[in-house]
Amino acid sequence: MFANGRYVINYSPFDVVYKLCKFAPVRLLARVIDQVHVTHHIHHGVNYALKHYTAAYLIAVLVGIAKGINRTDLCQYLFFFSVCPVSAGMISWMTLKLVM
């Protein structure tokens with residue numbers, strides 16, 4: 001319908017789309033749909049890897065992770081580890097952030 005979601009939010013009358021997107025059940029539904037989408041990509045990646053490498057389970061898991069992570073999350077993790085100075089006190093916080 002629209003090429004860019006920002007167009008719909010910025011040009012909707014009376015901020016209807018913005019208010020709808022901020023409504024908690026709509027946000028919950030969007031997150032559920034997003035997680036189903038990620039799960040589909042992981043499943044597809046694992047099946048693809050197992051079809052080509054039948055006995056390599058580690059490769060299947062790695063391909064599933066690579067297919068499941070989206071570009072935004074990957075860029076955030078790479079930016080966090082490459083730019084932020086790491087001190088001894090921050091290591092436990094970083095591992096906790098990655099696990100969550």
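At a glance:
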quantity: Residue that is farthest from Asp34 (Cα to Cα) [pool: residues in the range 65-86 that are of a type in the set (Gly, Ala, Ser) and modelled with pLDDT of 65 or more]; calculated: Ala66
quantity: Verdict on Val32 being of a type in the set (A, V, I, L, M), surrounded by fewer than 13 Cβ atoms within 10 Å (Cβ to Cβ), in contact with a helix residue (DSSP H, G or I) (Cβ under 9 Å, 6 or more places away or on another chain) and without any contact (Cβ under 8 Å) to a residue 12 or more places away in the chain; calculated: no
quantity: Filter result for Leu62 (at pLDDT below 90, in a helix (DSSP H, G or I) and not charged (D, E, K, R)); calculated: yes
quantity: Ile9 being modelled with pLDDT of 85 or more, β-branched (Val, Ile, Thr) and over 19 Å from the mean Cα position of the chain (by Cα); calculated: no
quantity: Asn4 vs. criteria at pLDDT below 85, exposed (fewer than 10 other Cβ atoms within 10 Å of the Cβ) and not aliphatic (A, V, I, L, M); calculated: yes
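The values are calculated or read from the model by the stated rules, or taken from the named source; none is laboratory data. For clarity, every value in this text was computed on a predicted model and none was experimentally measured. Ideal geometry is used to build each Cβ from the backbone, glycine not excepted, and the neighbour counts take in all protein chains shown.
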